[in-house]
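Remarks on the structure that follows.
The values are calculated or read from the model by the stated rules, or taken from the named source; none is laboratory data. What you see is a predicted model; the values in this text were computed from it and never measured. Virtual Cβ from ideal backbone geometry, glycine too; neighbours counted across all protein chains shown.
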Amino acid sequence: MRLERYPKFAASMSIFIFLLMAASPAISADSETEINFETQILPRLQNRCFSCHSAPGNVTKPKGGVQLDSVKGIETSLHGEVIVAGEPEDSLLYQRITLPEGETGIMPPPETGDPLTAQETDLIRKWIQQGADYGEWTGNQSAHKASVTDTNSHQPTVMPPITSLAFSHDGKSVVGGSQAGLHVYDFPALSLQRRIKVEARNINALAFSPDGHRLAVGGGNPANEGIIEIFSWHDGKSLRILKEHRDSVTAIAWRDASSLASASLDRRIIVWDLQTGTSIQQLEGHSKGVSSLCFLSDKERLVSTGIDQSVRVWDLISGGLIRSMNNHTLPVHDIALRPDASGLPMIVSAGDDRTVRFWQPTIGRMVKFARLEAPPLNVAWLNNGTRIVVACTDGAIRIVDPDSVEVTDKIHAIDGWAYALAVHPTDGSVVVGGPNAQIRRIVPE
Ligand code: HEC
């Protein structure tokens with residue numbers, strides 16, 4: 001999301017900042033001095049934001065799903081976009097505190113008092129620009145309280161969340177994508193094996209080619225451009241960069257060795273010819289960002305999900321929408337085709353309405369659904385389609401029987417949101433990724 005700011009407003013604001021800085025040197029900060037989070041930023045968030053944006057328990061429910069009273073909460077809120085280190089303009093927190101006074105969505109909301117002063121927002125901007133370093137603070141009031149009980153004086157550095165995962169075809173490696181780039185881990189040890197440099201700043205999607213020799217990486221620079229980069233898997237060499245999307249790429253599905261489809265927050269699905277590196281088809285219809293994709297096995301029909309709550313079926317031969325299925329009541333995040341199924345194809349979708357829904361896309365029927373305790377972010381099929389595995393915002397994975405739609409198992413995997421999930425090609429285990437570069441292997445029964 002990008003919120004426009006008015007140039008006139010920006011100009012008058014900088015004069016205002018100048019005057020304020022001259023008047024009160026105590027809390028001003030020029031670009032050279034390192035801003036201290038605990039003494040300069042935290043007190044402002046405490047006074048103006050914590051009453052609505054704290055961990056459940058301290059408030060009934062963090063507003064807008066945004067939790068600001070711990071590093072973990074900030075990192076895991078809204079897919080890590082609340083504070084993007086180094087990028088104040090891309091940080092939702094900064095966007096919301098700098099909206100023109102009176103504009104809807106300004107934080108704190110007008111009924112709770114005046115907007116932050118230009119001097120305060122400027123400090124926050126500089127702190128984010130300098131890398132959003134929280135120092136020793138990990139949560140709540142101050143680091144000093146926490147360090148009494150914490151015998152480990154070396155706090156681990158906070159790493160960005162792992163937002164996508166994929167297994168290599170031989171099952172010996174697993175690739176994780178995050179704002180820190182692509183990391184390749186050995187499997188099953190999950191030790192870091194190598195890094196691959198990528199063009200996109202954020203990575204949301206990873207998909208191996210049908211023969212396993214190439215890896216497609218989708219992501220981008222939010223609200224600006226979407227990027228798909230194709231790598232040769234064995235040597236990590238970048239082969240091609242595809243840029244046509246106007247916002248982050250959220251999902252990639254290979255159609256065959258020489259074409260793939262990509263979904264983007266720009267509301268479009270693009271089908272690409274990899275030989276020429278050009279787009280051959282654009283599918284438009286989602287009224288908000290597209291979140292995931294899968295081909296049916298004929299590779300002529302494609303199913304997509306969206307922030308607009310719909311599950312849509314497309315015909316690539318005619319280039320048109322076949323149908324839109326609208327049972328979800330909140331944004332849908334992920335979709336997966338049941339493997340090896342006889343009879344009508346079946347897909348499963350996972351949405352913020354805390355449901356996983358089973359569909360027959362060729363006849364447009366929702367067959368069943370299961371309601372979960374926490375919103376699911378990712379879904380995949382296990383054991384040749386006899387179970388599904390779901391990664392949820394409470395850090396657990398849940399196993400669901402698609403026939404009885406009962407949750408047969410719940411396993412804690414990650415502290416914070418379980419953003420990413422991948423199923424091993426043969427051994428039945430799954431890897432789950434989350435905040436602070438957590439990656440875990442889970443072996444469901
Ligand atoms: C009185 C309660 C209240 C206070 C105080 C408050 N907020 Fe919010 N905030 C909300 C609510 C409600 C929403 C969700 C509705 C919306 O998106 O506007 C929200 C949403 C947000 C979001 C999510 C934006 C998005 O794009 O989804 C951010 C970021 C945010 N607030 C930051 C802040 C910051 C920073 C402060 C302190 C300077 C603050 N809020 C103070 C109630 C509050």
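Within this structure, Ile414 passes the test of being assigned to a loop (DSSP other than H, G, I, E, B), in contact with a Pro (Cβ under 8 Å, 6 or more places away or on another chain) and buried (at least 21 other Cβ atoms within 10 Å of the Cβ). Checking the stated criteria, Met21 turns out to be at pLDDT below 50 and assigned by TED's automatic domain parsing to the domain that holds Glu89. Checking the structure you have, find out if any residue of the range 124-134 is modelled with pLDDT under 85 and outside the structural domain of Pro375 (by TED's automatic domain parsing). Within the range 124-134 (the criterion being modelled with pLDDT under 85 and outside the structural domain of Pro375 (by TED's automatic domain parsing)), the answer is no, since none of the residues qualifies. Restrict the check to the range 42-52 and report whether at least one residue is in contact (Cβ under 8 Å) with a residue 12 or more places away in the chain, more than 10 Å from the ligand (Cβ to nearest atom) and not in a loop (DSSP other than H, G, I, E, B). The answer is yes; a qualifying residue exists.
In the range 426-436, of all residues being over 17 Å from Leu377 (Cα atoms) and of a type in the set (Gly, Ala, Ser), the one that is surrounded by the fewest Cβ atoms within 10 Å (Cβ to Cβ) corresponds to Gly428. Screening Glu111, Glu120, Glu81, Glu101 for residues that are among the charged types (D, E, K, R) and away from the ligand (no atom under 13 Å from the Cβ) leaves exactly one candidate, Glu101.
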